[in-house]
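Each remark here refers to the structure printed beneath this line.
The values are calculated or read from the model by the stated rules, or taken from the named source; none is laboratory data. Worth saying up front: this structure is predicted, and the values here are computed from it rather than measured. A quick note on method: Cβ atoms are made from the backbone with ideal geometry, for glycine too, and the neighbour counts reach across all protein chains shown.
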């Protein structure tokens, strides 16, 4: 059987989007006949689209017709969660910059990668791998590793695997077992400090942002050149990161409750 061409796949995607966008506040239920008429499709083709969307949970069917399904609401919740995180974190991150005069990162894990959701700049330049929207491996640097420490064993195995990990600097941990051993210490302390593991000469101080107890939804990190780190101020920086991460998590919990 021949595979559908790229044009055919695009047409299918376009039709699917058009069908879902038929729904709004004034039109919450549609029959197959109404969908076919609005999109100019045959009834048989329309029925195939509707059944596929129903099977995926994007639509549900009852005697009145088809309405948006539970998967749509799950996706909407996920979208709101992501937007809510950045919105809640932004003023906290700006306050942190004003206090420590260094760059602040907000990161989130996606499989074996970490995504930089937000980067709040200080007035002092700092060259970093992390730019807003940047996707990087999740095993190097405080902003990434803090997202691993509260994973269960099965998820951690899927994320790290058993093969050597990519090296970015001389300080990068490339042995998955050595990295696993380090995560227990991070859980006990509630934070992580790294020295040049992702970017040479850069120190990261990170703490987890919790959604529910034991569930890390993001990481909050202060990053700075190592030559600007005053050892006497490290404890204060750690405390700032931890309390700020707790503040963001508590605000998100209030919003979701």
Quiz item: What are the residues in segment 100-125 that are more than 22 Å from residue 182 (Cβ to Cβ) and surrounded by fewer than 16 Cβ atoms within 10 Å (Cβ to Cβ), if any?
Solution: 101, 121, 123, 124, 125
Quiz item: Could you say whether any residue in segment 175-193 is in a loop (DSSP other than H, G, I, E, B), surrounded by fewer than 18 Cβ atoms within 10 Å (Cβ to Cβ) and free of Cβ contacts under 8 Å to residues at least 24 places away in the same chain?
Solution: yes
Quiz item: Would it be correct to say that residue 193 is closer than 20 Å to residue 94 by Cα and modelled with pLDDT of 90 or more?
Solution: no
